[in-house]
Amino acid sequence: MARVALVLIVVLCPVNGLRERDRGLNRWSQLATDPSPADVPQTFAWDGKLLAAVRARVLKGDADLKPAVAALVRSADSIMKLDTSKWTVMAKNYTPPSGDKHDYMSVAIYYWPCNSPHFPPPYPAGCNTSTGLPWVSHDGVVDTAAVEKFDSEPLGHMAAAVMSLVTAWYFSDNQTYASKAHDLAEQWFLAEATRMNPNLNFGQGHPGGASGGSGGIIDTVRLVHLIDALQILKLSKSFSEQTELQSWFSQYSEWLTDSHLGKGESRAKNNHGTWYDAQLQNYALYAGKPSVAKTVAMQARLGNGIHDTLVEYR
């Protein structure tokens, strides 16, 4: 898995970062005083010690980092001006087959109405030219207009905004960013009126066909790094619902392991299977289930013929 901490460091140090990266990440420990343990987030994919080391430099007024921190702040400020009330599963104009709009719903991104004007006749056999059903796959061609009508886009907006706001708070100490990040997470996961149910039963379905598919689980890959943003947010004054969020991800990780869609995705041999493992590991770790994460890691390593020492999870 790519280390987002490295990306953040290179962004924060656009010139020196590239130079030092070539000399190895260990060099970073020489560029900052050891951070206070209280400032080190207990992240899973991101490197918390490296983040804290860069933060220590920022707080000391390192001139090399000021432009990059200013860029983070500008990004956060732009998010603060947005209307984020529609970043919820309840904003869609469709109701899933369950009858509960709290259930996440998306369409398979490569599926189009069988009579779509984007693809000239002859239409596929069985196509109802009046309704466009069933939708059919055109691999590699995304039906952007359809995707925008469901929950995938708001999920992406929420996750990206939380990560931007949390990193801006962490490196600037502006508490308003942390508060906004908390509010967005609460709106998506916890608030009674807007929360998402912890399942993906209706992810990447297609009208006239399946109401959901195992491949839809890749929609929540955005939450892998959101977990680390939440771990950073724990250091702020704005995070008061840690237990509730852990419970949500505990339920979702159980759905990933127990549902027929989750089991199907776990057997995928391509990027879907890789991201399934990454999701389940991070969600289990966040939910306080290290044994689940360790099992996933061991199975993935054995399946790929890798026999090095298993990572010791917190």
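The values are calculated or read from the model by the stated rules, or taken from the named source; none is laboratory data. What you are looking at is a predicted structure, and each value in this text was computed from that prediction instead of being measured. Cβ coordinates were reconstructed from backbone atoms using ideal geometry, including for glycine residues, and neighbour counts include every protein chain displayed. The area values use the complete protein model at the heavy-atom level, side chains included, leaving out ligands, DNA and RNA. Shrake-Rupley method; radii C 1.70, N 1.55, O 1.52, S 1.80 Å.
Per-structure values
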item: Looking only at segment 67-116, and only at residues there that are touching a residue at least 24 places away in the same chain (Cβ under 8 Å) and among the β-branched types (Val, Ile, Thr), the one that is surrounded by the most Cβ atoms within 10 Å (Cβ to Cβ); result: 107
item: Pairs with Cβ under 6 Å, 6+ apart, first in segment 186-197 and at pLDDT 95 or above, second part of a helix (DSSP H, G or I) and surrounded by fewer than 18 Cβ atoms within 10 Å (Cβ to Cβ); result: 190/244; 194/90
item: Subset of segment 131-151 [among the hydrophobic types (A, V, I, L, M, F, W, C), open to solvent by less than 60 Å² (accessible area, probe 1.4 Å), part of a loop (DSSP other than H, G, I, E, B) and closer than 10 Å to residue 108 by Cα]; result: 135
item: Selection status of residue 124, without any contact (Cβ under 8 Å) to a residue 12 or more places away in the chain and either outside any helix (DSSP H, G or I) or surrounded by fewer than 20 Cβ atoms within 10 Å (Cβ to Cβ) (or both); result: no
item: Search result, residues across segment 76-95 that are outside any helix (DSSP H, G or I) and either more than 22 Å from the chain's Cα centre (by Cα) or more than 17 Å from residue 207 (Cβ to Cβ) (or both); result: 81, 82, 83, 84, 85, 86, 87, 88, 93, 94, 95
item: Of residues in segment 274-314 being more than 19 Å from residue 47 (Cα to Cα) and of a type in the set (Lys, Arg), the one modelled with the highest pLDDT; result: 289
item: Residue match in segment 205-218 (condition: at pLDDT 90 or above, under 28 Å from residue 181 (Cα atoms), open to solvent by 50 Å² or more (accessible area, probe 1.4 Å) and not polar (S, T, N, Q)); result: no
